[in-house]
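The values are calculated or read from the model by the stated rules, or taken from the named source; none is laboratory data. Nothing here was measured: the structure is a model prediction, and the numbers come from that model. Using ideal geometry, Cβ is built from the backbone for each residue, glycine included, and neighbour counts are taken over all protein chains shown.
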Amino acid sequence: MSIKIKDLPPHRRPREKLLKRGPRALDDAELLAIFLRTGAPGLSALDLAEQLIEDFGSINELLDASPEEFIKGKGLGEAKYVQLQAVMELARRHLTERLQLHDVQIEGAKYAKEYLQAEIGRKKRELFHVLFLDSQHRLLKGKTLFYGTIDTATIHPREIARRALKLNAKAAIIAHNHPSGVCEPSQADKRITEDIRKTLQLIGVKLLDHMIVADGRVMSFAEEGLLRRS
């Protein structure tokens, strides 16, 4: 028989735990249980959350499910799908606004990583995203420009330069995701980074970083010493 959340000790109840210790202290099922609010016949909200994550395969698969796939989940429906999409879009807009207010190279570095995780981290195909920055290294615009395997055949440095000129950008961060979950840069990643750096340098735009997003992690070329500075 399922134990109701209200029957759990206070320190194990998701809402109370979040208020006392913050959202980062909760696991995926506990956070999802708060979103669900109610369970299903014979299941508490926490039990239902755990079952949904198991049924979908992971929290990422659940969050990325199509409307048709999502509403088939036990205890879910169209209303929950709409609510979830609204919450995720609010999170993306919040991260975008923080990048518009902070110097990405200083206090905003972690915000850039969080933004990229939200924007491209869970995608099932490779995406190439560019953050165009002003002279204070604050976000002007974030844009996914290319799709598919990252190599010189699919990435066009001149298109990135053209967009930078149009926005009057003074710096840029490029990023792409690895749906495989491997966060290490390939030789193609390194080559295209150098090609883009040289092309942007010709128009006076500084390439600050190339970030690879995979499986909840972000690898930074700048932090790893893989980005040439001249």
- Please give the number of the condition Lys124 fails out of (1) in a helix (DSSP H, G or I); (2) among the basic types (Lys, Arg); (3) within 23 Å of Cys183 (Cα to Cα). (1)
- Task: Select, from Glu184, Glu159, the only residue that is more than 15 Å from Asp134 (Cα to Cα), more than 18 Å from the chain's Cα centre (by Cα) and either among the polar types (S, T, N, Q) or assigned by TED's automatic domain parsing to the domain that holds Phe128 (or both).
- Result: Glu159
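For the structure I just gave you, tell me whether Ala86 is among the aliphatic types (A, V, I, L, M) and exposed (fewer than 14 other Cβ atoms within 10 Å of the Cβ).
When the stated conditions are applied, Ala86 passes them.
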- Query: Pick from Leu62, Leu43: which is within 23 Å of Cys183 (Cβ to Cβ) and either touching a helix residue (DSSP H, G or I) at 6+ places or on another chain (Cβ under 9 Å) or of a type in the set (Val, Ile, Thr) (or both)?
  - Reply: Leu62
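For the structure I just gave you, tell me whether Phe146 is free of Cβ contacts under 8 Å to residues at least 40 places away in the same chain, of a type in the set (Phe, Trp, Tyr) and touching a helix residue (DSSP H, G or I) at 6+ places or on another chain (Cβ under 9 Å). So that I can check it myself, show each step before the final result.
On the way: free of Cβ contacts under 8 Å to residues at least 40 places away in the same chain: yes; of a type in the set (Phe, Trp, Tyr): yes; touching a helix residue (DSSP H, G or I) at 6+ places or on another chain (Cβ under 9 Å): yes.
So Phe146 passes the test.
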- Test result for Glu50, modelled with pLDDT of 90 or more, of a type outside the set (Phe, Trp, Tyr) and part of a helix (DSSP H, G or I): yes
- Item | Lys74 vs. criteria outside any helix (DSSP H, G or I) and over 26 Å from Ile212 (Cα atoms) | yes
- Does Ala161 satisfy the condition of being modelled with pLDDT of 95 or more and of a type in the set (Gly, Ala, Ser)? yes
- Qualifying residue in region 119-137 (condition: more than 23 Å from Glu61 (Cα to Cα), of a type in the set (A, V, I, L, M, F, W, C), more than 16 Å from the chain's Cα centre (by Cα) and at pLDDT below 85): no
